[in-house]
Amino acid sequence: MPPTAHDLTLPDDALAATLEALAADIARSAGRLVVDERPDAVEVATTKSSATDVVTVMDQRSQDHLIARLREARPDDAVLGEESGGASGTSGITWVIDPIDGTVNYLYGIPAYAVSVAAVVGDPKTHGAWRPFVGAVFNPVTDELYLARAGGGSRVVVAGGVERQLSPTACDELGQALVGTGFGYAAERRDRQGRLVLDLLPQIRDIRRIGSAALDLCAVGAGQLDAYYETGLNPWDLAAGWLIATEADAVVGGLDGPGEALTWACAPGLDPIFGSLVVEGTARHLRD
Ligand code: LIP
């Protein structure tokens, strides 16, 4: 039986601070790469789970850049990336990276995508057996770098280097809640996700579909969304944003924790009603 997330020992704060700085540096450098070298016509290099689950050349170039930087700085750490490739390690630390979270937005030129970099302990391929302790999410279009380390709070560094602590909204009424969500690449899953949205919409303020789970989770921490939920996420979509939202004192959960089955986050005043609502809705519409 693998250790659960709560059994895992986190590295000391000095190491976490060092790795937070590394995560910030490589997220920013990869983000600059995907913006500065974005071709006029972004081409789809390949597709994955469906014809709409695209990978661009820049997804792969960003991931290659991130892995090269990590192998140079932390050769004994493992790397788990969204695109093919990655690396095994012996240190007990795994870097979980999404080279472009919001790839479809990037493909269409919609300014809502991010490079997501997290350092985790445990096994990120086993649900409930890992947890992030460093997270960096960089939106290279808006030049906003969201950062957190376990026990160190969350902040965003904006253009010009100004830092701002993150805090969720004071929303405590479901009917006033602006809720982010996302949809999968498989039509059958989207059919069920759409039915869940239909149930929720009359009970909340409104829905926002930004197109990047990492930015959605940061938005809850930053008070730009009151809540967020999504099913079908991969560890690289959620690892950094999970920590950033948590360290901002938002409430983050799922089914036995954030993961593929369900990931949600909300302002403290919406807990536990929001989590219960999306857990029940997921059971009703998305569990066989
Ligand atoms: C995206 C997620 C988003 C989800 C999209 C897609 P990608 O990740 O961040 O929340 O709704 O369907 O999975 O594929 O752009 O890295």
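The table below lists the values:
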quantity	calculated
Filter pass, residue 244 being assigned to a helix (DSSP H, G or I), touching a strand residue (DSSP E or B) at 6+ places or on another chain (Cβ under 7 Å) and within 15 Å of the ligand (Cβ to nearest atom)	yes
Filtered residue count, region 96-131, keeping only those that are open to solvent by less than 20 Å² (accessible area, probe 1.4 Å), within 16 Å of the ligand (Cβ to nearest atom) and of a type outside the set (D, E, K, R)	16
Elements of type strands (runs of 3 or more DSSP E) in region 2-92, at least 1 residues being more than 16 Å from the ligand (Cβ to nearest atom) and open to solvent by less than 50 Å² (accessible area, probe 1.4 Å)	78-81
Residue 215 vs. criteria within 27 Å of residue 165 (Cβ to Cβ) and either in the same structural domain as residue 121 (by TED's automatic domain parsing) or out of contact with any Asp or Glu (no Cβ under 6 Å at 6 or more places or on another chain) (or both)	yes
Qualifying residue in region 263-274 (condition: among the aliphatic types (A, V, I, L, M), surrounded by fewer than 23 Cβ atoms within 10 Å (Cβ to Cβ) and part of a helix (DSSP H, G or I))	yes
Test result for residue 80, touching a Ser or Thr at 6+ places or on another chain (Cβ under 7 Å) and closer than 26 Å to residue 7 by Cβ	yes
Candidates 119, 112, filtered to the one that is of a type in the set (A, V, I, L, M, F, W, C), under 30 Å from residue 87 (Cα atoms) and part of a loop (DSSP other than H, G, I, E, B)	112
Residue match in region 89-99 (condition: over 24 Å from residue 246 (Cα atoms), under 16 Å from the mean Cα position of the chain (by Cα) and among the β-branched types (Val, Ile, Thr))	no
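Okay, residues lined up against (1) hydroxyl-bearing (Ser, Thr, Tyr); (2) at positive phi; (3) at pLDDT 95 or above:
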position: 78; (1), (2), (3): no, no, yes
position: 86; (1), (2), (3): no, yes, no
position: 92; (1), (2), (3): no, yes, yes
position: 119; (1), (2), (3): no, no, yes
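The values are calculated or read from the model by the stated rules, or taken from the named source; none is laboratory data. A quick note: this is a predicted structure, and the numbers were derived from the prediction, not measured. So basically every Cβ, Gly included, is an ideal-geometry build from the backbone, and we count neighbours across all protein chains shown. To get the accessible areas, we keep the full protein, side chains included, count just its heavy atoms, and leave off ligands, DNA and RNA. Shrake-Rupley method; radii C 1.70, N 1.55, O 1.52, S 1.80 Å.
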